[in-house]
Structures are given as C-alpha cells and as structure tokens.
Amino acid sequence: MSFVFLLVLLPLIQVAYTLDYDYGVQKTYREKFASLNEDGTFKCLSSDLVIRVNQINNDFCDCPDGSDEPGTSACASNLLDVKFPTGWRFQCKNDGFNAQEILHNKVNDGICDCCDGSDEYAGATQCANICADVQEREAKELLLQVERKKISLEKKEKMIQQALIAREEDAPKIEEEKKELESLVNTRDEVAGELPSLEEREKAEKERLSGEFKVLKGFLEKPKDGEKGKPEFKNSCTKWRQTKDCVSKSETNQDKGCDDIISSNESGYCDCVDSKTNHTIKYEKNCDHKPLRCSFVCRASGEEGTLSNVDDVYFDMDLPPPYSLPAANDLREKLKELDGKIEKLRSSIKVRADRLSRNISNEDILRTLTDQCFTLDIKVYTYELCMFKNTHQYSKGTSNGKNTGNWGRFGESTYSSWLSTDDYSRMLYENGDYCWNHEKRMTDVRIVCGPENVLLKVEEPMPCKYAMVFQTPAICE
C-alpha cells in the first residue's frame, strides 16, 4: 500500500511548482536557451541528445551533462555520473542587485543562499530578500578596502623614499668598499708570499720524520729471536658495522670508518676483503672486546691487537704520523680568514652595483626592513621574523628556543593551501637548527599587501617546516 501511495503522491510533489525553462540559467549560457528548436525540442549543451522542452526544469535529470536542469538540483545527486558544462552554476534572480551564482546542490536544500531567496522556491523554507542589506555591506567593505589600499600606498611611498636614500649611499659605499677590497687583496698577496718558504721547511721536516718512521717500522717488523715474523697483511678493511649497543642492549645498524676506534660497548663486525681472492670476510666482535680498529683487525686476520702497548705503533705502521709547522698553519688560517672577507666585500659591491643599475623594486623596498624583527604569540610559543636575518620559535616569555631558518633567498612556496590571487612574494629562511628527524628547520614566508608591517600568521604544515604570513605596504601595487 505504501508503494502505491508514493506513486500517487510523486506527481503531486512534482507539480507543486512550475519553473520557466530558463529559470536558474547563467548569463554565460542564456543565449543557448533563448531560442529553442522550432519543433519544441532542446539539444543538451555537451552532447547530441535531444529532449522535449517540457523536460527542462522538470526536476528530472535527462541530459548527461545536466544542462536540462539549470534551475533544480536533480542532476546534482552524488548517485549520478553527470559531466556538467564548464562553470555550470545556478543563477540567482537578484533583480536589481549584483549577480550571484551558487552550486546546484544548494537549490532547495533548506538554506537561503541567494540574497533574494530565489534558490528556495519550493516553499519549505521562507527566505527574506536581503539583497539591499548585502549590497550595502559589500559597498562599505569595498570602501574600507579602498581606504586600506590608499593608506598602504602612502606608506609604501615613504618606504620608497627610504630605499632611495639607501641607494644614494650605495655609490660612495662602493668606492669605500673597493678601497678596502684592494687593501685586503694586497695583504693577502703578502701573506701568500710568506707561505712557500714555511711550506718548504714543513716539507723537509715531514721527510725527516718519514725517514725516522721507516727505520722504526723496520725495527718493529723485524722478528725477534725465536719468534716468527709479523703476519703478512693480506686483507683490507672496508668498514665497521655495529649491530648492537652493549649498554642499551638495542639493535642498530651503524657504519664507522676503518681507522675509528671501536669501544668495548659496541658489538658488530669488521668488514674485510681478501686481497688475493677478493672475497668478503667478516670478523665478528662481541661486547666487552678490547678497543680496536678494523684497519688492524683486517690486516691481522681477526686479531684485535691492543692500544695500550708498543703494538699500538705497529697498529698504525702503514702511515707516518701527521706533521704541520705551526707558523705555516697560522698563515693558512690567516689566508682563509682574508679570503672570507674578500668574498664578502665582492658580493656586497656586486649587490650595490646591481641595485644602482635598475629601477627601485619591491625587493629594494622590502630591504628597508632589514634586521627589523616582528613577533606573534601562539599558545605557548612566540614566533619571531627578523627580516633578511633569521626566524625563531621561542617558549613564550623566554629567550629559549629554536632557530627555524636563516635568510636564504626569494622563491615560490610549494604549499598548495597558499595558492591565491594575492599580490605576494616569498622569502625562504633555510638551514636552521636540526630537527628531531635530522633535517634542518626552514621557514617559508608569504608576503602580502597591507597598511602595517606585521606578522599575521604562523603554521607548521610539516614537521620542522614553518609557514609565516607577513603583511607590509612594501609590495602593494
């Protein structure tokens, strides 16, 4: 009985309202509905299917693209596989007011979406016409935006003047830096000129020590009376592989070099190669072994040796002890320091020269904020952005925290949630403190237009990768 009742009721529901065939049609597609076929038929917009005119807006989805139901939600069901035309929406009537479009699944859903209520024509929900109020509110918001833009551009002009003043200082600063650079280069040449004679002395001393080393090596390798000679070294080392930490009892896979000292707290094996057969040999070492080096263990066919007696000398017999002349070391350190200063000056001169050769850019204006810091408190943290310097995350009220990045470069962000039509740039702060995942922290700063220099937002979209939004007049257009 209930099924029969529904069959009787359904036509009554369908005729509860009658829509014009062009109800809900967008301006973009209105021309398609303006002149229907002379024989009273309609061709679906994105297919060759032809239907009767009385099938348009009858609350039943006939066209595979849903174009026969511009004014209903019949084709918006998730149960239907409908390929809507590009940008297909329901057009609110909003007579005398701004155009408004909504998705078809919002038609007759019990919520007033159109400001005139034309989306809830079924009558289940009564909607007041609030278009006048909405338009008045939008007009006020537009005026506020215009005023904000005006203030922003006025402040940007002041920043431009600061950039021009900085530019006026560039030309004399370049000359000053060029003189300093010339002096440093001359000093470097003098220091470099003193180094060869010291390195000759250093080389001679190395050769003398090498000769003594060879004599000592021959003495130690000579068999004593009644002893066999030292074993012939036939295996070479590739690495130490730790498999267990003897203190924590935890398993691990950690490699070390052949000449690293392996303590008794490490269990694993020396990975060696037989020089004759080229086969891999593993010498297992359990916990509480003597301190060892795999370079010796491999050469001595598994013997550990000892680091506390004369065999320690035999332990390192392949190479003579390192030697460097202190005076030569001092000069090399001095040259390294001078090279750093010279490179920094050359970079500064290039930046200033490039700045002088072009018109004032947003980058130049942003650089008037160099070293200025801006903070934002979020829960238990204080986040800090120091322009063209670094970013930090502090525990609130303290100076304890992490460096979340050092100024690196301008660039585009890869965070899809930040895609927008805003006029903005990107500042990337990289190589901050190490994170728990062994990666260095970094911060991606989005720059947006606004009347104040202020840090608006901070997020951590990925572990130890931070995202900031900074507002400034500098990039307003």
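Values quoted throughout were computed directly from the atomic coordinates according to the rules given, and no laboratory measurement underlies them. Values in this document were obtained by computation on a predicted structure and should not be read as measured data. Using ideal geometry, Cβ is built from the backbone for each residue, glycine included, and neighbour counts are taken over all protein chains shown.
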- Computed lengthening from Glu460 to Leu49, 0.36 nm per intervening residue step minus Cα-Cα distance: 142.8 nm
- Tensor-based shape of the range 70-223 (alpha-carbon gyration tensor, a/c under 1.5 rounded, otherwise prolate or oblate): oblate
- Pairing the Cα long axis of helix 131-221 with the longest principal axis of the chain, what angle in degrees results, from 0 to 90 and rounded to the nearest 10? 20 degrees
- Please determine, in degrees from 0 to 90 and to the nearest 10, the orientation of helix 326-356 with respect to the longest principal axis defined by the Cα atoms of the chain, where the helix direction is its Cα long axis. 20 degrees
- Query: What does the charge count near Thr443 come to, summing +1 for each Lys or Arg and -1 for each Asp or Glu among other residues with Cβ under 9 Å from its Cβ?
  - Reply: 0
- Highest to lowest packing among 193-202, 353-362, scored as the average C-beta count within 10 Å: 193-202, 353-362
- Once Lys and Arg are counted +1 and Asp and Glu -1 for all other residues with Cβ under 12 Å from that of Thr125, the total becomes -3
- Query: Which entry is the computed P(r) over Cα pairs in 20 Å bins from 0, in percent for this structure: (1) 23, 56, 19, 1; (2) 14, 24, 28, 19, 12, 3, 0; (3) 23, 53, 21, 3, 0?
  - Reply: (2)
- Query: Can you run phi through the Karplus equation (6.51, -1.76, 1.60; θ = phi - 60°) for the range 47-61 and list ³J(HN,Hα) in whole Hz, with x for Gly and Pro?
  - Reply: 8, 8, 5, 10, 10, 7, 4, 6, 8, 7, 6, 9, 6, 9, 7
- Note on the structure: On the formula 1/(1 + (r/R0)^6), with r taken between the Cβ atoms of Thr18 and Glu141 and R0 of 41 Å, the FRET efficiency rounded to 0.05 is 0.60
- Item | Two-site FRET efficiency, Leu80 against Val380, from Cβ-Cβ distance with R₀ of 56 Å, rounded to 0.05 | 0.70
- Task: Can you figure out the FRET efficiency of Arg148 with Thr280, using R₀ = 60 Å and their beta-carbon distance, to the nearest 0.05?
- Result: 0.25
- What does the charge count near Lys256 come to, summing +1 for each Lys or Arg and -1 for each Asp or Glu among other residues with Cβ under 10 Å from its Cβ? -1
- Query: Using the Kirkwood formula over every pair of different C-alpha atoms, what hydrodynamic radius in Å results for the range 16-129?
  - Reply: 14.3 Å
- Does the range 364-475 classify as rounded, prolate or oblate by the C-alpha gyration tensor (a ≥ b ≥ c root eigenvalues; a/c under 1.5 gives rounded; else a/b over b/c gives prolate, otherwise oblate)? prolate
- Note on the structure: Any residue on another chain or 5+ positions along whose placed amide H is under 5 Å from the amide H of Gln100 is listed here as Cys92
- Kindly identify the range 235-302 as rounded, prolate or oblate by the Cα gyration tensor criterion: order the square roots of the eigenvalues as a ≥ b ≥ c, call it rounded if a/c is under 1.5, otherwise compare a/b with b/c, prolate if a/b is larger, else oblate. prolate
- Lysine pairs meeting the criterion (Cα under 30 Å, 8 or more apart or interchain), as found in the range 115-213: 10
